[in-house]
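The structure appears right after this line, and notes come after that.
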Amino acid sequence: MDDQLSEHTRNILGLQLPTDPRWVNLAEIKMEEILTDHAYCEQKAATTCISLIQKNPEKTLLVEELSPIVTEEWGHFRMVLSELKKRNLPLGRQRKDIYVNKLIDFQIKGGSPTERFLDQMLIMALIEARSCERFKRLSEGLEDEYMRKFYRKFMESEAGHYTLFITLAEHYIDKKIVRNRWAQWLAFEKELMDSAEVRGDRIH
Ligand SMILES: [Fe+2]
Ligand SMILES: [Fe+2]
């Protein structure tokens, strides 16, 4: 499974820059901050899926496939919330999400409805892919065995999600167009990761 997923991560997921190995050590020190940031990532994943369903009611496959993802992401949110509770911590306030904001800046403005839809699918695929990679780092690199197992569960879920968004894009749009735009997203994300500060208080 590990090897399969590593290969998956390298080849299919296609992220062009692995996370800086120092990140997991920084995250370990700031686990409380990570949990709060993570909780909001899950919450945003759920709300974004709801909004995609609302905006695309005519896309039957999308509605069918994303409905259970809403439940799953909300379940993730609750799992993180209960970890915070165990530590006697409140949810805390939402942090500014620099990574996601920069990705949103890259999303096509104007363009045709199809182009906008494609970017909506691909930004989700990318966030899921990077989250999956980060959870993998945590599941392998944390000292605490319980937390390694905790993050392993998230990694497995998010691995399914990024492929789902690509699959949905390819269901509605020509595969070649999807692949070309995906390559642009991957290149942009590499630059973004390369220039971003390595900080242990954020999932991304
Ligand atoms: Fe999730
Ligand atoms: Fe997800």
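All of the numbers you see were taken from the coordinates with simple rules; none came from a lab. Bear in mind that the values here come from a model prediction, so they are computed numbers and not experimental data. Cβ sites come from the backbone with ideal geometry, for glycine too, and all protein chains shown count toward neighbours.
See the values below:
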quantity	calculated
Per-residue [θ]222 nm for the chain (sum of -39500 (n - 2.57) over DSSP H runs n ≥ 4, rounded to 500)	-25500 deg cm²/dmol
Over the chain, relative contact order from alpha-carbon pairs under 8 Å, at least 6 apart, %	34
Cα centroid separation, the stretch 77-105 to the stretch 131-148 (Å)	17
Full-stretch length increase - L91, E28 - with 0.36 nm per residue and alpha-carbon distance subtracted	20.9 nm
Cα shape, the stretch 95-194, gyration tensor, a/c 1.5 rule	prolate
Rounded, prolate or oblate (a/c below 1.5 giving rounded, otherwise prolate when a/b exceeds b/c) for the stretch 14-116 by Cα gyration tensor	oblate
Sparse-neighbourhood loop sites, GluC sites (Glu not before Pro) in the stretch 44-143 - DSSP loop, at most 15 other Cβ within 10 angstrom	E58, E143
Packing-based exposure ordering (other Cβ within 10 Å, fewest first) of V70, V24	V70, V24
Value of D in µm² per second that Stokes-Einstein yields for the chain, Kirkwood Rh from Cα pairs, at 4 °C (1.567 mPa s)	74
